[in-house]
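All remarks here apply to the structure that follows.
The values are calculated or read from the model by the stated rules, or taken from the named source; none is laboratory data. Everything numeric in this text was worked out from a predicted model, so none of it was measured. As a convention, Cβ positions derive from the backbone with ideal geometry for all residues, glycine included, and neighbour counts pool all protein chains shown.
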């Protein structure tokens with residue numbers, strides 16, 4: 001029986017059908033199908049991004065929103081839930097939500113509504129959160145982003161948006177383990193949030209973090225959110241399940257309050273593997289809320305997942321429906337403080353996707369270089385500045401910045417956003433390299449010299465003073481090539497008998513070493529081929 005089971009696990013579906021046809025072995029068929037399903041389990045993740053809106057006051061009160069203020073100094077009587085206080089909607093929060101919905105390609109509801117979501121935590125004095133559950137500000141949409149796949153390739157992917165809603169943030173719990181007590185700071189309570197809910201379109205941690213990074217860049221460009229994980233301006237909840245591609249979606253667990261892209265990647269990947277192991281060992285995934293411990297890099301149970309009825313959603317009685325304008329309805333109202341959707345569309349700045357398309361289509365940069373520049377703070381701006389001074393093609397400028405400049409910067413812990421080398425100097429180094437005036441190795445040494453502030457001369461002057469200029473003169477290089485061919489008859493013979501590439505590479509190495517790597521590689525290669533082809537004709 002054990003041998004039969006082993007065979008069933010490793011053979012194809014044809015085996016399943018033969019076993020299934022034999023009623024005596026139907027239990028083996030079921031076991032084989034179960035094992036096959038386990039081996040094909042894949043992660044399915046949906047995200048909820050909570051972005052603090054970049055405004056001077058809170059969503060429903062005039063309390064300030066400055067980060068790092070003394071504890072409980074930014075709390076109004078409404079934030080503290082004193083009886084009789086009423087919410088007053090912040091128009092700038094609405095405007096930020098509309099801008100973000102436009103960027104997400106969402107359909108904006110001209111009329112949206114607020115609801116109460118009840119849960120009794122100490123960090124929400126009211127006992128409920130004002131949110132938009134039934135009719136949010138925006139529905140649908142999609143975001144295109146760059147993903148590094150399992151084969152380490154850079155690919156474009158699109159994820160779908162479910163909805164965007166406005167809601168209040170909660171306060172912050174401060175736990176004093178030595179005193180055995182928890183304290184509450186309500187400075188954050190009531191700050192406006194945009195919650196962006198996605199469809200379950202992600203498969204692993206790097207997929208999730210790549211998407212969130214794109215949304216982070218987009219909101220920073222719009223200036224609707226500072227996007228700082230460290231300051232709590234951006235937090236992510238991940239709803240994670242596993243299933244076989246031909247089966248219904250599995251039971252999900254929600255990992256709450258992931259406070260960095262690294263934590264998001266690690267939490268998602270750990271939870272996927274945890275669920276796979278659980279199912280493989282015969283267990284069942286529980287619909288629960290979990291948290292992530294950064295030190296152990298594991299998710300930990302917090303509580304059972306609340307069901308919809310636990311929240312007791314109800315319409316917010318103290319807020320009327322939120323009405324928005326567009327060009328067709330603006331002429332029918334006298335109110336000038338309402339947000340006009342069409343006006344916000346016209347004022348939209350270039351978004352990350354627009355910058356990406358410009359770099360890909362106009363500058364002909366590779367997807368990899370676009371990804372690296374876009375994720376480097378001020379990377380795209382620095383690239384554009386270098387282009388203004390350089391005569392080299394944009395794609396070669398991009399290659400130099402990503403592969404050479406950033407390579408040196410990373411070893412010296414330097415950053416492009418505070419680049420010690422000005423764009424015009426970088427442009428001259430790029431031109432020196434691409435014109436063949438000096439070698440790639442010496443161009444990297446130039447970067448190091450300017451980074452260490454060991455010279456104030458122009459790059460071309462430094463190259464001339466150090467003797468780094470490449471030799472392009474045929475009259476100088478040809479005698480060197482002739483001497484090397486005369487000293488290496490075996491390599492010449494190999495070339496003439498068909499082993500051209502290997503022998504030519506060996507000869508090139510000897511030629512570069514002979515000239516202390518000052519020979520222009522392309523020119524030297526051209527001369528070697530010319531002389532070798534002449535020798536080949538002589539031997540015929």
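Residues that are touching a residue at least 60 places away in the same chain (Cβ under 8 Å) and over 25 Å from the mean Cα position of the chain (by Cα) are absent from the stretch 266-273. Screening 494, 518 for residues that are in contact with a strand residue (DSSP E or B) (Cβ under 6 Å, 6 or more places away or on another chain) and in the same structural domain as residue 534 (by TED's automatic domain parsing) leaves exactly one candidate, 518.
Every condition in (1) within 19 Å of residue 150 (Cα to Cα); (2) surrounded by fewer than 15 Cβ atoms within 10 Å (Cβ to Cβ) holds for residue 272 except the one numbered (2).
Selection of the stretch 383-407 for residues being under 24 Å from the mean Cα position of the chain (by Cα) and buried (at least 21 other Cβ atoms within 10 Å of the Cβ) yields 383, 397, 398, 400, 401, 402, 405. Quick check: is even one residue across the stretch 268-277 at pLDDT 90 or above, out of contact with any helix residue (DSSP H, G or I) (no Cβ under 9 Å at 6 or more places or on another chain) and over 25 Å from residue 211 (Cβ atoms)? Checked the stretch 268-277: at least one residue is at pLDDT 90 or above, out of contact with any helix residue (DSSP H, G or I) (no Cβ under 9 Å at 6 or more places or on another chain) and over 25 Å from residue 211 (Cβ atoms). Screening residue 365 on (1) crowded, with 17+ Cβ neighbours inside 10 Å; (2) under 19 Å from residue 148 (Cα atoms); (3) at pLDDT below 95 shows it passes everything except condition (3). Reported count of residues in the stretch 85-126, each being closer than 24 Å to residue 226 by Cβ, part of a loop (DSSP other than H, G, I, E, B) and either without any contact (Cβ under 8 Å) to a residue 40 or more places away in the chain or not assigned by TED's automatic domain parsing to the domain that holds residue 58 (or both), is 1.
Considering (1) outside the structural domain of residue 431 (by TED's automatic domain parsing); (2) out of contact with any helix residue (DSSP H, G or I) (no Cβ under 7 Å at 6 or more places or on another chain); (3) within 30 Å of residue 409 (Cβ to Cβ), the lone condition that residue 486 does not fulfil carries the number (3).
Scanning the stretch 127-143 for residues that are assigned to a strand (DSSP E or B) and surrounded by fewer than 16 Cβ atoms within 10 Å (Cβ to Cβ) yields a count of 1. Within the stretch 161-203, being farther than 23 Å from residue 53 by Cβ and under 25 Å from the mean Cα position of the chain (by Cα) holds for 199, 200, 201, 202, 203. Screening 250, 283 for residues that are modelled with pLDDT under 95, outside the structural domain of residue 211 (by TED's automatic domain parsing) and exposed (fewer than 13 other Cβ atoms within 10 Å of the Cβ) leaves exactly one candidate, 283.
Pick from 441, 455: which is outside the structural domain of residue 517 (by TED's automatic domain parsing) and in a loop (DSSP other than H, G, I, E, B)? The match here is 455. Does the stretch 215-223 contain at least one residue that is touching a residue at least 40 places away in the same chain (Cβ under 8 Å), surrounded by 19 or more Cβ atoms within 10 Å (Cβ to Cβ), part of a strand (DSSP E or B) and at negative phi? No - not one qualifying residue is present in the stretch 215-223. Name the residue, out of 432, 484, that is in contact with a strand residue (DSSP E or B) (Cβ under 6 Å, 6 or more places away or on another chain) and in a helix (DSSP H, G or I). So the residue among 432, 484 that is in contact with a strand residue (DSSP E or B) (Cβ under 6 Å, 6 or more places away or on another chain) and in a helix (DSSP H, G or I) is 432.
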